[in-house]
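In what follows, a single structure is set out as structure tokens and then discussed.
The values are calculated or read from the model by the stated rules, or taken from the named source; none is laboratory data. Computed from a predicted structure; not experimentally measured. Here the Cβ is made from the backbone with ideal geometry for all residues, glycine too, and neighbour counts use every protein chain on show. For the accessible areas, the whole protein counts, side chains as well, though only heavy atoms, and no ligand, DNA or RNA atoms are used. Shrake-Rupley method; radii C 1.70, N 1.55, O 1.52, S 1.80 Å.
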Number of protein chains: 2
Amino acid sequence: MNSKPNAIVAQSGGPTAVINSSACGVIQEAMKSGKTGQVIGATNGILGVLKEELFDISAEKSETIEALKQTPAAAIGSCRHKLKSLEDSKADFERILDVFKAHNIRYFFYAGGNDSMDTADKVNKLAADAGYELVCMGIPKTVDNDLAFTDHCPGYPSVAKYVATCAMEAGRDTEALYTTDTCTILEVMGRNAGWIAAATGLAARCPEDAPHLVYMPEAAFSFDKLVGDVKEVLKELGRVFIVAGEGLKDKDGNYVTADTGTFSKDSFGHVQLGGVADMLKVVIEKEVGIKTRFNKLGTNQRSAMHFASLTDINEAYMCGQTAVRCAMEGENGKMVTLVREKGPEYKCTTGLAELRDVANGEKKVPAEYINDKGNHITDAMRDYVRPLVQGEAPITIDKDGLPVFMRFERKPLEKKLAKYM
Amino acid sequence: MNSKPNAIVAQSGGPTAVINSSACGVIQEAMKSGKTGQVIGATNGILGVLKEELFDISAEKSETIEALKQTPAAAIGSCRHKLKSLEDSKADFERILDVFKAHNIRYFFYAGGNDSMDTADKVNKLAADAGYELVCMGIPKTVDNDLAFTDHCPGYPSVAKYVATCAMEAGRDTEALYTTDTCTILEVMGRNAGWIAAATGLAARCPEDAPHLVYMPEAAFSFDKLVGDVKEVLKELGRVFIVAGEGLKDKDGNYVTADTGTFSKDSFGHVQLGGVADMLKVVIEKEVGIKTRFNKLGTNQRSAMHFASLTDINEAYMCGQTAVRCAMEGENGKMVTLVREKGPEYKCTTGLAELRDVANGEKKVPAEYINDKGNHITDAMRDYVRPLVQGEAPITIDKDGLPVFMRFERKPLEKKLAKYM
């Protein structure tokens, strides 16, 4: 048994194309530092900690660890288990600390969004109160790009590059077949923030280019407005390509469509309209009278490793690496941020933000990135997103003509505590 | 005016990633042959011929023509206008011939599926009856891969490579987040033939790999079977990734679902299918009780130039080129086919089939490519599709970090006939 303190790395929430790059940065930097014993993976995020389902990442082959950079989703395992306040989730927080103590874990690297930064912050407080030496560092991750204090979030540039390309490609499809298939809707993720929808606007370089209309949750949406917008584009081009963020809201802030998780009572017939694209399609076909189809990329947009942004891969790695370096230099209770340097050339460095501040922040698409009509982006948005989507991530292709992704061997750590949950 | 006979090239039906490569093969070969005057493009397929909306492709820049190989969809323009029998669509057929005569068009190169081959065949017959010298050659095109007499159809290998990759990627997403998002359905195209769904099976190299279940229209589907299959995979892996072809049918051959919207039939009279994934989701959530989400790639699967198969691009080009060469050598009334040579190494050459035979044929996924349970593919299918998805199409990326696609300048030909339609 190594007497050096151990480090744990965990992934949380919806996967991205590059969260594994961040993990790779943490793992390689921690192993290189010589200051940690084992680098431990928490199977399925904080659930793995609670259940003491841990494995020795530092025992994995170095090629496996390196291949994290080419593998989408969350190779260590993620979850959506949300911890509440220290009072309401007291048992969970104490269990986390117990598991850390049992495995001599003194470094906690947590990649996730607001909720994860909140969890890391609370674990940190509890450890301090208990007099247990622990360093908690957050690594930003969310395709939604809605974390405050960072210029952008790793994961976002890759989804941005992919959805903009998808808009270009499906836009050409509509352009080719507009005499029958006149309108296409591309539904993209983003329940509260329209960053992903906004990114597709980059694809529109001239009036002919898709998307012609981009709807984001930040701009009040109405079906009357939609019908008017569609008719206007139709008059000009004879076709319409629309991008819709899944969380479109009316002027009062209510979602225009119900959550997709429920379904109607009648057993084998009519599925309740859930998706925003589905609803837009019905309205356009009825009110404008043109055939409308929709594409819903779903989880394929956040896992599209085959066309990920190289800038994103590199920055995600840098975030993981920086989290370890800062931890070793005495920082604690911080999330690594991405800082866009001033100047004509894009240059991105890192900074730090307090975990508790990040936990309570939310960054939406600002008004100056949305056009006056609320149906497309401005040049300011283009300038924001353009540098992020530069470069294509290298991928290795196997004999089947498909990308190669890694999996861990997952040598489990022996459990030292009683069962929990 | 050039006194040499002119050639016309037209695209029909649903676009693909490589139909423009076929057009490029036709255009470059025709221009090189020295035997044709203008190479004319029919704007929006046969509609462009009927409306006499034609443009001079041979006047386009050579870079524009070369860039067809990197541009998805149908750059000349496509349509779904279906001509019926020579009797029922007599006026249309005669109009086509009138337009050909007016522009001294003696070569007709038509890229499309069964319906287009049927149209080309009938135009050819009418010309022969009228004593008008005309050569009609078909070029296979369909992502559905359901044309008879050809080993596979240009367009299919690219969609196969893309959807298999999408299954891998979204499969990793489900694998990472299975503790809440336990089941994912990927809906793919394929109205009557399950070739696209079947291609995703290539991604499953070990039991952990997605997709775990692949449903094709060729295997009788039932919701009881689905529920049983899902429960079995769930027991083994704790998660399920399903690929569903849009045209799933029950044992009596009835579609499991049909879109009930306003435009439920396309202009060819085909039922427009939608919502198969939606319906499967409802059943799984209700009967198995696990959260289920779905991705519907829609037109993005057939236009995914950014990860198209290089083999496909090259073969599509070869089909266009061969159509011209054969026409110049005296062939007529034929469609170019792709022939897979016997032997351990994949080698693909071309052959010819009678247009009228192709028009009436349909190739479904054969029984030996589907497993006994009717819920996945066999190694025979893997061996069939593997060579097709080899190589990645080169793409040019611009300053915005996005692919570069071409557009024609479209110098219109002067109309010589009265208005029609």
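Other protein chain C-beta atoms within 10 Å of residue C-beta, averaged over A:177-185: 6. Report the calculated FRET efficiency for B:Ser3 and B:Glu354 (r = Cβ-Cβ distance, R0 = 30 Å), to the nearest 0.05. About 0.40, to the nearest 0.05.
Annotation for the A:B interface, with buried accessible surface near 6700 Å², both sides summed [1.4 Å probe; non-protein components not counted]. Just the number, please: percent antiparallel of the DSSP beta bridges in chain B, rounded to the nearest 5. Looking only at bridges with both residues in chain B, the antiparallel portion is about 35 percent.
Distance from the Cα centroid of the stretch B:115-133 to that of the stretch B:361-390 is 35 Å (rounded to whole angstrom).
For trypsin sites (Lys or Arg not before Pro), the sites in the stretch B:329-404 that DSSP calls loop and that have at most 12 other Cβ atoms within 10 Å are B:Lys342, B:Lys347, B:Lys373, B:Lys399. Each other residue within a Cβ distance under 10 Å of B:Gln321 adds +1 if Lys or Arg and -1 if Asp or Glu, for a net charge of +1. DSSP finds beta bridges in the stretch A:124-246, and of those with both partners inside it, around 0 percent are antiparallel.
For the pair the stretch B:306-325 / the stretch A:193-249, the C-alpha centres are spaced 34 Å from each other. Note on A:395-406: average number of Cβ atoms from other chains within 10 Å of each residue's Cβ is 5. Taking a point 7 Å from the Cα of B:Ala59 along the Cα-to-Cβ direction, the residues of the stretch B:98-130 with backbone N closer than 17 Å to it are B:103-105.
The aspartates and glutamates within cross-link reach of B:Lys347, meaning a Cα-to-Cα straight distance under 20 Å and a gap of 8 or more places when in the same chain, are A:Asp398, A:Asp400, B:Asp151, B:Asp312, B:Glu315, B:Asp379, B:Asp383, B:Glu392. Net charge in the neighbourhood of A:Leu202 (other residues with Cβ under 12 Å of its Cβ; Lys, Arg +1, Asp, Glu -1) is 0.
Taking all Cα pairs closer than 8 Å and separated by 6 or more residues, the relative contact order of the stretch B:95-191 comes to 20 percent.
May I ask you to give the percent of accessible area on the protein assembly as shown that is carbon plus sulfur, with a probe radius of 1.4 Å? So the carbon and sulfur contribution to the accessible surface is 49 percent. For a paramagnetic label modelled on A:Tyr255 (point 7 Å from Cα along Cα→Cβ), amide N atoms under 15 Å away belong, within the stretch A:186-228, to A:188-194, A:217-218.
Evaluate E = 1/(1 + (r/R0)^6) for A:Lys32 and A:Lys101, where r is the Cβ-Cβ distance and R0 equals 22 Å; express this FRET efficiency to the nearest 0.05. The value I calculate is 0.30. Phi-derived couplings, Karplus 6.51 cos²θ - 1.76 cosθ + 1.60 at θ = phi - 60°, listed residue by residue for the stretch B:136-146: 10, 10, x, 10, x, 7, 5, 5, 5, 6, 9 Hz, with x used for Gly and Pro. Remark: the protein assembly as shown carries a charge dipole of roughly 240 debye about the Cα centre, counting +1 on each Lys and Arg Cβ and -1 on each Asp and Glu Cβ.
With contacts taken as Cα pairs under 8 Å at a separation of at least 6 residues, the stretch A:1-116 carries a relative contact order of 41 percent. Here the stretch B:189-203 is scanned for amide nitrogen atoms under 15 Å from the site 7 Å beyond the Cα of B:Ala220 along Cα-to-Cβ, giving none. Projecting the Cα positions of A:Asn314, A:Gly194, A:Ile46 onto the charge dipole of chain A (unit charges on Cβ atoms of Lys, Arg, Asp and Glu, taken about the Cα centre) puts A:Ile46 furthest along the positive direction.
When the Cα gyration tensor is reduced to axis lengths a ≥ b ≥ c, the ratio a/c is 1.5 or higher for the stretch B:195-257, and with a/b not above b/c it is classed as oblate. Rounded, prolate or oblate for the stretch A:299-421? Axes are the square roots of the Cα gyration tensor eigenvalues, ordered a ≥ b ≥ c, and the cut-off for rounded is a/c under 1.5. Cα axes put the stretch A:299-421 in the oblate bin.
Below 8 Å between Cα atoms, with a sequence gap of 6+, how large is the relative contact order for chain A in percent? Please list the in-between numbers first.
Values: 949 pairs, mean separation 97.3, N = 421.
The normalised contact order for chain A reaches 23 percent.
For the stretch A:82-225, the square roots a ≥ b ≥ c of the C-alpha gyration tensor eigenvalues yield an a/c of 1.5 or more together with a/b exceeding b/c, which makes the shape prolate. Hydrodynamic analysis of the stretch B:11-133 uses the Kirkwood radius over alpha carbon pairs. Inserted into Stokes-Einstein at 25 °C and 0.890 mPa s, it gives a translational diffusion coefficient of 166 µm²/s.
Past 31 Å, Cα to Cα: identify those pairs from A:Lys101/B:Lys235; A:Lys61/A:Lys101; B:Lys90/B:Lys249; A:Lys399/B:Lys296; A:Lys69/A:Lys334; B:Lys291/B:Lys373, in the order given.
Working: A:Lys101/B:Lys235 34 Å; A:Lys61/A:Lys101 27 Å; B:Lys90/B:Lys249 36 Å; A:Lys399/B:Lys296 27 Å; A:Lys69/A:Lys334 24 Å; B:Lys291/B:Lys373 25 Å.
Flagged as over cut-off: A:Lys101/B:Lys235; B:Lys90/B:Lys249.
The residues packed around B:Phe100, meaning those with a beta-carbon under 12 Å from its beta-carbon, carry a net charge of 0 if Lys and Arg are +1 and Asp and Glu are -1.
A simple rule links phi to the HN-Hα coupling: the Karplus curve 6.51 cos²θ - 1.76 cosθ + 1.60 with θ = phi - 60°, which for the stretch B:46-51 gives 5, 4, x, 5, 4, 8 Hz, with x for Gly and Pro. Ellipsoid fit via the Cα gyration tensor, chain B: semi-axes of 41, 22, 19 Å, each the root of five times an eigenvalue, largest first. Percent of Cα pairs in the protein assembly as shown per distance bin of 20 Å, from zero to the largest separation: 16, 46, 30, 7, 1. Label-to-label distance for A:Ala130 and B:Asp383 is 5.9 nm, based on points extended 7 Å past Cα in the beta-carbon direction.
Of the GluC sites (Glu not before Pro) found in the stretch A:322-407, those in coil by DSSP whose Cβ has at most 10 other Cβ atoms within 10 Å are A:Glu329, A:Glu341, A:Glu345.
With R₀ set to 41 Å, the beta-carbon distance separating A:Glu368 from B:Glu66 gives a calculated FRET efficiency near 0.55.
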